[in-house]
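Engineer: Mind looking over this structure? Questions follow.
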Amino acid sequence: MKTIHFFLLFIILAVFIWSGIEPASYTDWALEVGPALIGIIILALTFKRFRLTTLSYVIITMLCILMFIGGHYTYSKVPLFNWMKDYFDLERNHYDRFGHFFKGFFIIIIREIIIRKTLIKNGGWLIIFALSISLSIAALYEIIEWLVSKMTHGGKAAKDFLGTQGDIWDAQWDMLLTLLGSIFALLILTKLHDRFMKNT
């Protein structure tokens, strides 16, 4: 394990511990950080057999931090984005929108797995499959949010977890922004990712 891996793991653990100290709601915190924890456990168990590029681990670290912050405050009440809402006279706290856009960057990890585990190495089909998987994950997450809301009969924790802030098209916005984030990540990171892949 390289020093950078220890450093990234330290950051994840530090922010995780912080996020769990007196969050806005422990129920909402568990719902928000749960997927990240599951992902971290899977990565830890497969680290020796299938080590990702450093770029992928950096993106995963940033995604974990994003989810831990959202879990601590709830996505609709993150202070910086509340300030932006007030300062720019916005209709809502946009941390949720920002989060879903950045979650599109997970496509770099998807791209890496496809290249290393399938016969698809480059070209249009790689982009199509990677985008399709990224959008499928975004849709699955929205379905999970909906199921949580149904199972809890739309309680406060479920509403905080959904973070719709009164927008009936929130799920569609979330999926669109994940798709746009995925396209943006491919445009700006593909060449850099390829260089990392050559050194793996």
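The values are calculated or read from the model by the stated rules, or taken from the named source; none is laboratory data. Just so it is clear, the structure is predicted and the values come from calculations on it, not from any experiment. Cβ placement follows ideal geometry from the backbone for every residue including glycine, while neighbour counts extend to all protein chains displayed. The protein model used for the area step is the full one, side chains on, heavy atoms only, and it has no ligands, DNA or RNA in it. Shrake-Rupley method; radii C 1.70, N 1.55, O 1.52, S 1.80 Å.
Engineer: Please give the helix 107-117 orientation as an angle from the longest Cα principal axis of the chain, in degrees from 0 to 90, rounded to the nearest 10.
Structural biologist: Long axis of 107-117 versus the principal axis of the chain: about 30 degrees.
Engineer: As a test of the formula, what do you get for the chain when each DSSP H run with n ≥ 4 contributes -39,500 (n - 2.57) and the sum is divided by the residue count, at 222 nm and rounded to the nearest 500 deg cm²/dmol? Write down the numbers at each step before the final one.
Structural biologist: Details: 9 runs with 151 residues, N = 200.
Per the formula, -25500 deg cm²/dmol.
Engineer: Across the stretch 1-66, how large is the tail of the calculated P(r) beyond 16 Å, expressed as a percent of all Cα pairs?
Structural biologist: Numbers: 999 of 2145 pairs.
Percentage above 16 Å: 47.
Engineer: At 1.4 Å probe radius, can you tell me the per residue accessible area of the stretch 31-111 in Å²? Display every interim value, and only then the final one.
Structural biologist: Details: 3780 Å² over 81 residues.
Heavy-atom accessible area per residue stands at 47 Å².
Engineer: Round to the nearest 10 and report in Å² the accessible area of GLU145, as given by a 1.4 Å probe over the protein chains' heavy atoms.
Structural biologist: GLU145 exposes around 10 Å² with every protein chain in place.
Engineer: Tell me, what is the 1.4 Å probe accessible area of LYS103, in Å² to the nearest 10?
Structural biologist: 40 Å²
Engineer: On to the next question. In sequence order, what are the phi-derived ³J(HN,Hα) couplings for the stretch 176-184 according to the Karplus relation 6.51 cos²θ - 1.76 cosθ + 1.60 with θ = phi - 60°, rounded to whole Hz, with x for glycine and proline?
Structural biologist: The phi angles translate into 4, 5, 5, 4, 5, x, 5, 5, 4 Hz.
Engineer: Please list the radius of gyration and Dmax for the stretch 1-118, considering alpha-carbon atoms only, with Å as the unit.
Structural biologist: According to the Cα coordinates of the stretch 1-118, Rg and Dmax are 15.7, 50 Å.
Engineer: Take the Cα pairs of the stretch 52-115, get the Kirkwood Rh, then feed it into Stokes-Einstein at 4 °C and 1.567 mPa s and tell me D in µm²/s. Numbers along the way, then the final one.
Structural biologist: On the way: Rh = 12.8 Å.
The Stokes-Einstein estimate is 101 µm²/s.
Engineer: In addition: Share of Cα-Cα pairs in the chain beyond 23 Å, in percent? Kindly include the intermediate steps, with their values, before the conclusion.
Structural biologist: Working: 9372 of 19900 pairs.
In whole percent, the long-distance tail amounts to 47.
Engineer: To the nearest 20 Debye, how big is the dipole of the chain about its Cα centre, given +1 on the beta carbon of each Lys and Arg and -1 on that of each Asp and Glu? Don't skip to the end; give the middle numbers.
Structural biologist: On the way: 19 positive and 15 negative charges, 246 e Å.
Result for the chain is approximately 1180 debye, rounded to the nearest 20.
Engineer: Let me know the whole percent of all Cα-Cα pairs from the stretch 78-124 that are separated by more than 17 Å. Can you show the working numbers first?
Structural biologist: On the way: 584 of 1081 pairs.
Tail of the P(r) past 17 Å holds 54 percent of the pairs.
Engineer: Could you state the number of Å between the C-alpha centres of the stretch 108-129 and the stretch 74-94?
Structural biologist: Here the answer is 37 Å between Cα centres.
Engineer: What's the carbon and sulfur percent of the chain's accessible surface, probe 1.4 angstrom, rounded to a whole number?
Structural biologist: Numbers: 8340 of 11560 Å².
Ligands and nucleic acids excluded, carbon and sulfur give 72 percent.
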